[in-house]
1. So, counting K/R as plus one and D/E as minus one, what does the shell of residues with Cβ under 13 Å around Glu62 add up to?
2. I'd like the carbon and sulfur percentage of the solvent accessible area for the chain, probe radius 1.4 Å, heavy atoms only, ligands and nucleic acids excluded.
3. Isolated Cys in the chain by the 4.7 Å beta carbon test?
4. Which percentage, to the nearest 5, of the DSSP beta bridges contained in the chain is antiparallel?
5. Determine the distance separating the Cα centre of the range 62-138 from the Cα centre of the range 214-255; give it in Å without decimals.
6. Between Cys37 and residues 5 or more places away or on another chain, which pairs have amide H atoms under 5 Å apart, with H built 1.01 Å from N, and which residues are they?
7. Return the subset of Lys128/Lys151; Lys130/Lys248; Lys128/Lys191; Lys191/Lys248; Lys130/Lys243 for which the Cα-Cα distance in this structure is over 29 Å, preserving the input order.
8. Under 5 Å between amide H atoms, partner at least 5 residues away or on a different chain: which partners does Thr56 have, H built in plane at 1.01 Å?
Amino acid sequence: MISTSPSLIDHPCMNDRMHHCIARIHLPVAHRCNIRCFYCERRVGILPAERGRPGTCERIMEPSETIDQVLGFLDTWGHRSIVGIAGPGDPLANNETFETMALIRRRFPNARLCMCTNGLNLPDSMEKLKQLGLSFLSVTINAVEALIGAKIHEWIDNGSDRLHGEDAAALLMDRQFTGIEMAVQSGMMVKVNSVVIPDINHDHIPEVARTAARLGAKVFNPMPLIPSGAFADRNAPTMPMMKTIHSKCSPYLSVFKSCKQCRADARGIPGKDPYKWKRTG
Ligand code: SF4
Ligand code: SF4
Ligand code: SF4
């Protein structure tokens, strides 16, 4: 494995103090997804000047195009910056992700590679990710009980089978847990993201944080629901609800509170992005 010494100290999404100091680029090469979250509303064609959010980007990039993008980015923001893949689908459901990482690794041997995934394909991808020198990994876990997970994820694709309900949620959790343990054992710095959905999982989030800590994750990032997709009519969590969640999770592991829920082609300093989702609650 290529050693890129992952450290919490110098990543903008793992440490609130670094959020305004270190840049990241998201390479939007991963179009497809292998699960369906009820809150998801992926959109390609969102202009850079428009307000974006996870799952949105201006266009899907070809792996070969990313080299010039990363070159310009690192020249502008410096070599501590993070090169990430975060969608707009799931990175591990797209061969383009691995193709891109291999190209980047060859051209920029010291690049600090990062990824956000739903974790379904994590165990099967771990060997490749290690060989490509992935340093930072974020896995979105919205529930650690199948009954709750089934209310958040409509289905998952497991090879040629499409699973629904609690069967789908149970398999997703199993892969997430195994994948995180493997990543931690491999020396990756792991963060767990959770989408906080009032009346579905908001009371359950501290249990997700406790599980994340047990698996070896170092950071927990509870993100307020952006009402969209099939959850467009639901309320986002209020600020007091988020504050309560932060304090209930913090005994287990470091809680990241600065997430701006960036688009899949974001670049620059996260804390200085001009377009941010604003809660109304
Ligand atoms: Fe959308 Fe991400 Fe869920 Fe896939 S894992 S359905 S891209 S939110
Ligand atoms: Fe890495 Fe995810 Fe942050 Fe992007 S959003 S820099 S992929 S942790
Ligand atoms: Fe950082 Fe943006 Fe990712 Fe949140 S979505 S963890 S702010 S890059």
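The values are calculated or read from the model by the stated rules, or taken from the named source; none is laboratory data. Just so it is clear, the model here is predicted, and its values are computed rather than measured. Neighbour counts are summed over all protein chains in view; Cβ atoms, including those assigned to glycine, are modelled from backbone coordinates with ideal geometry. Accessible surface is based on the protein model in full, side chains and every heavy atom, while ligands, DNA and RNA are left aside. Shrake-Rupley method; radii C 1.70, N 1.55, O 1.52, S 1.80 Å.
1. The answer is -3.
2. Answer for the chain is 50 percent, counting heavy atoms of protein chains only.
3. Result for the chain is Cys13, Cys21, Cys33, Cys57, Cys114, Cys116, Cys249, Cys259, Cys262, no neighbouring Cys Cβ within the cutoff.
4. 25 percent
5. The distance from the Cα centre of the range 62-138 to that of the range 214-255 comes to 26 Å.
6. Distant-sequence amide H within range of Cys37: Glu154.
7. Table pairs above 29 Å Cα-Cα are Lys128/Lys151; Lys130/Lys248; Lys130/Lys243.
8. Excluding prolines and chain starts, which carry no amide H, the hits are Arg43, Ala264.
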